[in-house]
Amino acid sequence: MKNIIRFIISVLIPILIWFTASFFTVSGIDSWYVDLVKPFFNPPNWIFWPVWTILYIMIWISFYLVWKEGFWNNKTRLLVIYFIQLSLNFAWSFSFFYFWNPLLGLINIILLLIFIWLNIKVFYDVKKWAGYLLIPYLLWVMFATVLNFSIFILN
């Protein structure tokens, strides 16, 4: 029963952040984002939903694996890093799409990259697969950082 509760909580936290952030993202995409100059490698808007769906599934599985394994030796450090990276993930959508500010988004996403890397490290120390599951997230956010930087420069 304890693992079922952990599983549900592990799923609900990132889903809540994801859906809340997507509200700000969608409002920005349908307005000012349309008129921005974008780099040639900018993917079509429809690709973001399936990619983020997969990434959020990997994020919650990763957290569940760490929680199930027992992260009590580094609980505070692990939870702080995990929730900071989730908060920065949320804040990026808010800063870029809601405030219409690519520079603020760029600053935010660079911090997000740092905390994803830290998150991978602390999860890996508890359960290797939990760390590995976050690597696609890191790679996608690296791509998003280049995209964010390009949009900032072009506009």
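What follows is calculated from the coordinates using simple rules that are stated; it is not laboratory data. A quick note: this is a predicted structure, and the numbers were derived from the prediction, not measured. Positions of Cβ are generated from backbone atoms using ideal geometry, with glycine treated the same way; all protein chains shown enter the neighbour counts.
Listed by chain and number, the lysines whose alpha-carbon sits under 29 Å from that of K75, ignoring those within fewer than 8 places in the same chain, are K2, K121, K127, K128. Estimated at 0.36 nm per residue, the fully extended path between T20 and N74 surpasses their Cα-Cα distance by 16.6 nm. Farthest towards the positive end of the charge dipole of the stretch 8-127, among the residues I47, L79, A21, is the Cα of L79, using unit charges on the Cβ of Lys, Arg, Asp and Glu.
Taking the stretch 89-151, which chymotrypsin sites (Phe, Trp or Tyr not before Pro) meet the DSSP loop condition and have no more than 15 other C-beta atoms within 10 Å?
Loop-located and lightly packed - F99, W100.
Computed extension length for W46-D30: 4.5 nm, one decimal, from 0.36 nm per residue of separation with the Cα-Cα distance subtracted. Distance from the Cα centroid of the stretch 75-92 to that of the stretch 96-155 is 12 Å (rounded to whole angstrom). In the calculated pair-distance distribution of the chain, the portion above 22 angstrom amounts to 40 percent of the Cα-Cα pairs. Placing +1 on each Lys and Arg Cβ and -1 on each Asp and Glu Cβ, with no other charges, gives the stretch 1-140 a dipole about its Cα centre of roughly 600 debye. Per-residue Cβ neighbour counts within 10 Å put D30, D125, D35 in the sequence D35, D30, D125, beginning with the fewest. Among the chymotrypsin sites (Phe, Trp or Tyr not before Pro) within the stretch 39-89, those in coil by DSSP and having at most 10 neighbouring Cβ atoms inside 10 Å are F40, F41. Helices that extend 27 Å or more along their long axis by alpha-carbon positions and average at least 1.6 on the Kyte-Doolittle scale are, among the DSSP H runs of the chain, 2-29, 102-126, 135-154.
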